[in-house]
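Report on the following structure.
The values are calculated or read from the model by the stated rules, or taken from the named source; none is laboratory data. As the structure is a computational prediction, the values presented were derived from the model and not from experiment. Cβ placement follows ideal geometry from the backbone for every residue including glycine, while neighbour counts extend to all protein chains displayed. Keep in mind that these areas ignore ligands, DNA and RNA; they rest on the heavy atoms of the full protein, side chains included. Shrake-Rupley method; radii C 1.70, N 1.55, O 1.52, S 1.80 Å.
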Amino acid sequence: MQPLVYSLIDKAVYDYKLIEDGDKILVGASGGKDSTLLIEYMANRLRRPSADFSFAALNIQSDFAPDFPEGIKSLFGQWGVDFRKIDVDILNRLKPGRKMSCFWCSMQRRTELIRYAMANGFNKIALGHHKDDVLETLLMNMVGKAELATMPARLRYEKYPLEIIRPLYYINEEKIISHAKTSGYFGWTCTCGYQENSARKDMRRRLELLTDGDENAKDRLFLSLRNINAQYLP
């Protein structure tokens, strides 16, 4: 039986046309539950008779992060995943006087994904952002930038011949955790020493306070992004 999370990913793929015939997709692989679920789905989708795309998983190994989990790498082998890794010295890219943060690290890894994708003929980059990430980004932009914006499911770059796609767009983190536990790959997360600087971690706490941890309240907040009543906005 197809897991529930697969159905939700299928819906996002259909609604936003995230995977199209002839696509060559590069998937960011951190080794965590989100990107591992995304890669698991892609490997299974590739086995469908109608599949007409290809993908590879790329890990950006920074100079201070732990090594990619061997258990996840073994699963990739079982799933027939084309897994690749590049080493990047992120810490030394910091300008004098600046502190390392999750945001800075993420931006540097995104830059390397773009460079690799362009150099190797990929036309899309798939990232493992889920519904909670979308809501956290919405709140971060509103509070920090006075801007009503978040992560779109599909984003076409203006500067590059690439698109960013987020197939986990409709899935909340709770469902991903449940699936990862059932599938045997839950437990690995980033363990670097810079997470205390993460604005996202703080916004995650605020989101839980705002919704009281109620997934239905999160769903309504998410749906509001597609139900904008401009008449009652400035």
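Solvent exposure of region 38-161, expressed per residue, is 54 Å² of accessible area, with all protein chains present and a 1.4 angstrom probe. Rolling a 1.4 Å probe over the protein heavy atoms of region 1-119, with every protein chain left in place, gives an accessible area that is 51 percent carbon and sulfur.
In this simple spin-label approximation, Asn227 and Asn92 carry label points 7 Å from Cα along the Cα→Cβ vector, and these lie 5.3 nm apart. Summing charges over all other residues whose Cβ lies under 15 Å from the Cβ of Gly213, with Lys and Arg as +1 and Asp and Glu as -1, gives -2.
Across the chain, the mean sequence separation of Cα contacts (distance under 8 Å, 6 or more residues apart), normalised by length, yields a relative contact order of 25 percent. What shape does region 1-112 take by its C-alpha gyration tensor, where a ≥ b ≥ c are the square roots of the eigenvalues and a/c under 1.5 counts as rounded, a/b above b/c as prolate, and the rest as oblate? It is prolate, given that a/c is not under 1.5 and a/b is the larger ratio.
At q = 0.12, 0.13 Å⁻¹, what is the base-10 log of I(q)/I(0) for region 82-202 according to the Debye formula with one equal point scatterer per Cα and no solvent? Please give it to two decimals. Values returned for q = 0.12, 0.13 Å⁻¹ are -0.57, -0.68. In this structure, the amide hydrogen of Val88, modeled 1.01 Å from its nitrogen in the peptide plane, lies closer than 5 angstrom to those of Gln61, Ser62, Asp63, counting only residues at least 5 positions away or on a different chain.
Reducing region 1-33 and region 108-144 to their Cα centroids gives an inter-centroid distance of 15 Å.
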